[in-house]
Amino acid sequence: MVGGEFVTETAHLKTEGDLRGTFSPIEDGAILVLGSGQSDRAETLTARFTVDDDLPGDFFWEDKAVPLQDTREMRAGLRRAYQDFYKLVEQGRGDEILELARPLWARAGATLAGGKSAEDYIGGKDGLRRFSRNPGDGSTLAPLGISDDPLGDSLEFMADHRLVRIRPDPLRWRFPPEQNRNDMRSSLVFFRDAEGSWHLGDIVRN
């Protein structure tokens, strides 16, 4: 943005640089620059945006997910859901991963990527390779990082206790020591339906 025009456009949000107001400093405000750890002054700017709201409505899980109670039985079911997904990754069953994640990747393609299909959003076979034992970036799938005892898992509940995940994310890939890189992790979020079956609610590779 420095020295450039304040004009930007994404799939469903755009501004033509029609600024309303001026820069105004934030008292004692600063932003942290990733990588260097240095800080810089922070300022606010008000701009007018045009929003294309022709988007899918509710998330696909909203009419299926039931509120979860933190019980031993619930924790055991959540762990099985993680273990089942891990097995798909370990065995390189990308087509099955795609089918599990299709509803959420299709919505992300529609809302974030200008109407892409689930396959196009994830990048087809090459994209699915990221969810395999050896993704091709030098990393290797690590053992699933869950505790020996379900009561030892640290859980994060979301969406009025209808979504849940284990923290830190137990699905991860390790790089060789010489690469000096942190583990690559995938955040899996699950929900349970009224019949007691577990389903994937979100997946983010970071």
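The values are calculated or read from the model by the stated rules, or taken from the named source; none is laboratory data. Worth saying up front: this structure is predicted, and the values here are computed from it rather than measured. Glycine gets a Cβ as well: all are built from the backbone with ideal geometry, and neighbour counts include every protein chain shown. Protein only, heavy atoms only, side chains kept; ligands, DNA and RNA dropped before computing areas. Shrake-Rupley method; radii C 1.70, N 1.55, O 1.52, S 1.80 Å.
Numerical summary
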read-out	value
Among the residues listed as D40, D63, D70, D28, the single one being modelled with pLDDT under 95, among the acidic types (D, E) and in a loop (DSSP other than H, G, I, E, B)	D63
Lone unmet requirement of (1) surrounded by fewer than 17 Cβ atoms within 10 Å (Cβ to Cβ); (2) of a type outside the set (A, V, I, L, M, F, W, C); (3) within 28 Å of Q179 (Cα to Cα); (4) in contact with a Gly (Cβ under 8 Å, 6 or more places away or on another chain) for N134	(4)
Positions within the stretch 148-202 being surrounded by 17 or more Cβ atoms within 10 Å (Cβ to Cβ), more than 14 Å from A81 (Cβ to Cβ) and under 14 Å from the mean Cα position of the chain (by Cα), in sequence order	R172, M184, R185
Of all residues in the stretch 101-131 being surrounded by fewer than 18 Cβ atoms within 10 Å (Cβ to Cβ) and hydrophobic (A, V, I, L, M, F, W, C), the one that is nearest to W61 (Cα to Cα)	L112
Residue list for the stretch 73-93, filter: open to solvent by less than 60 Å² (accessible area, probe 1.4 Å) and either modelled with pLDDT of 95 or more or farther than 23 Å from D120 by Cα (or both)	M74, R75, A76, G77, L78, R79, A81, Y82, F85, Y86, L88, V89
